[in-house]
Amino acid sequence: MNAIVALCHFCELHGPRTLFCTEVLHSPLPQGAGSGDISGHNEQAEEEEGGIQMSSRIRSHSPAEGASADSSSPGPKKSDMCEASGCRSLAGGHPGYVSHDKETSIKYVSHQHPNHPQLFSIVRQACVRSLSCEVCPGREGPIFFGDEQHGFVFSHTFFIKDSLARGFQRWYSIITIMMDRIYLINSWPFLLGKIRGIIDELQGKALKVFEAEQFGCPQRAQRMNTAFTPFLHQRNGNAARSLTSLTNDENLWACLHTSFAWLLKACGSRLTEKLLEGAPTEDTLVQMEKLADLKEESEGWDGSEEEEKPSSQPEVVEGQELSKSSPEPSLMPDCNSWNVAHRRLSVFRSLRHMRQVLGASAFRMLAWHVLMGNQVIWKARDMDLVQSAFDVLRTMLPVGCVRIIPYSDQYEEAYRCNFLGLSPHVQIPPHILSSEFAVLVEVRAATRSSLYPTLFDDEQSLNKYEFIVTSGSPVAADRVGPTILNKIEAALTNQNLSVDVVDQCLVCLKEEWMNKVKVLFKFTKVDSRPKEDTQKLLSILGAAEEDNVKLLKFWMTGLSKTYKSHLMSTVRSPTSSESRN
């Protein structure tokens, strides 16, 4: 957890002071921290707790920790320190403490003040606020404060018994500082319990010392018998005692380092980030609806005999394809296993692969027709090749806009499918061949002179084919086309993007334009706005061009039934419409 835990003290001479802090270092120790690890020196203790190696052979002290008072040091000057070490935790020259987390290679470093000037300022401000203005009722207990600039603070103030102090107690606080407000708030119960345990241990030790001192020399009776002396004259002789003296624990700082380091590690590991998906996409909704329909249909067929459907009418479902019944094994062409395996290698791997095979201009024409919702017809002997082409091309469309008949022995009308695979001998009606709403890709055996370089022989042997793309309305090379087509081509031509990255780009582009489709659907179909307002909306959406409008209207057919019914159910009531008018 990227946080700092600090113990603070309110000194009657100097005000709030930071006594001890533990921070997390993900990188090598800072240069300002000294000359690095001191091997073989100051090896006071090594212990294991929760996978963290505790070691005091850390580093030499910086001026900020009280070894010397330099003007450039972020720490307080020596003249500001209590003579009896009330404002000091580690003695001058003490190297501090470090814990090495073997699992994550993170260091937990403890010293009196952070060495980085910005961190020192943040901790100093949190210390002052925790022991002055940011306190809970009774001046003892937890509180939360902070801001984006100086970090957010969980502070727990408490009192330690001291027989020589005013009111027989001194004021301390343990603060946890971090920049992540949500994380810190979620850690409140954990931090409160663990820090409360540390405080109880400190107060218990101090109470034993206080009771022993009171038993030997009661301070209350002595003060009652002492003549009144102005506090300003006697307080210099009553400097705050160190916390080690109040608790009679010489290993107090090593124990606090252990507790603070474990607190940072445990609090960081108890909460983990989890990717939360937002609302389901339109593709997800459509797929869920199809699965529900299939489940309902299968339940309806239970206990009844399945009726045979005419073989000449392949069944089509949006977003799915159900090809015509396969021929009997006796009617299948006789081919050996090597030919079957070799034929299955002749497939398209991705849109980028298809663009390289067809060529830039032919691919642009084909992609334009796909995005516009026109019928895409492939004529080829290789069924696997046709299927792979449809699998690649369908990635440019929402799932609800895809209607595929993978392979048929007769032409099917455009209303039944927008992707149609045909065998080479099938006759296509002349009006379809000349139509501007259809594109034909004929796959022929390549002649020797037309064989292009075998770029894909290692994986896909497509050099034996010749691809001829024709349409009654060819897309001009200088035509702008829909915006999404230009972005798709830009992604495909960018060789710095891998195929997986391009696939994610397609997902993002489809979701972006489906959001525009949703806005247009509600604006035109639900709210029934006039054409003038619709044109203004299209301009705002950046889709006022003719091709973009056609694309939006076609993609509107791919909206899920769930979304449409939701919009229809939330249409404004007539009373609200009248009140608006």
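One residue alone among Ile175, Ile198 is open to solvent by 10 Å² or more (accessible area, probe 1.4 Å), closer than 15 Å to Leu264 by Cα, in contact (Cβ under 8 Å) with a residue 60 or more places away in the chain and of a type outside the set (Lys, Arg), and that residue is Ile198.
When Tyr465 is tested against the conditions (1) crowded, with 17+ Cβ neighbours inside 10 Å; (2) modelled with pLDDT of 90 or more; (3) touching a strand residue (DSSP E or B) at 6+ places or on another chain (Cβ under 8 Å), the lone failure is (2). Restricting segment 201-217 to residues that are open to solvent by 50 Å² or more (accessible area, probe 1.4 Å) and in contact with a Ser or Thr (Cβ under 7 Å, 6 or more places away or on another chain), the residue that is modelled with the lowest pLDDT is Glu213. The set of residues in segment 497-506 being of a type in the set (A, V, I, L, M) and touching a residue at least 40 places away in the same chain (Cβ under 8 Å) consists of Val499, Val502, Leu506.
Tell me, which residue of segment 112-129 that is open to solvent by less than 60 Å² (accessible area, probe 1.4 Å), modelled with pLDDT under 90 and in contact with a Pro (Cβ under 9 Å, 6 or more places away or on another chain) is nearest to Ser89 (Cα to Cα)? Among those residues, the one meeting the criterion is His113.
In this entry, Cys87 passes the filter for residues that are within 22 Å of Thr244 (Cα to Cα) and either at pLDDT below 90 or open to solvent by 30 Å² or more (accessible area, probe 1.4 Å) (or both). Any chance segment 153-166 includes a residue that's part of a strand (DSSP E or B) and open to solvent by 50 Å² or more (accessible area, probe 1.4 Å)? For segment 153-166, residues part of a strand (DSSP E or B) and open to solvent by 50 Å² or more (accessible area, probe 1.4 Å): present.
Within segment 370-400, being over 26 Å from Val517 (Cα atoms) and assigned to a loop (DSSP other than H, G, I, E, B) holds for Ala380, Arg381, Asp382.
The values are calculated or read from the model by the stated rules, or taken from the named source; none is laboratory data. The shown structure was predicted, so the numbers you read here are calculated from the model rather than taken from an experiment. Because the Cβ atoms are built from the backbone with ideal geometry, glycine has one as well, and the counts that use them run over all protein chains shown. We work out accessible area using only protein heavy atoms, side chains counted, and drop any ligands, DNA or RNA first. Shrake-Rupley method; radii C 1.70, N 1.55, O 1.52, S 1.80 Å.
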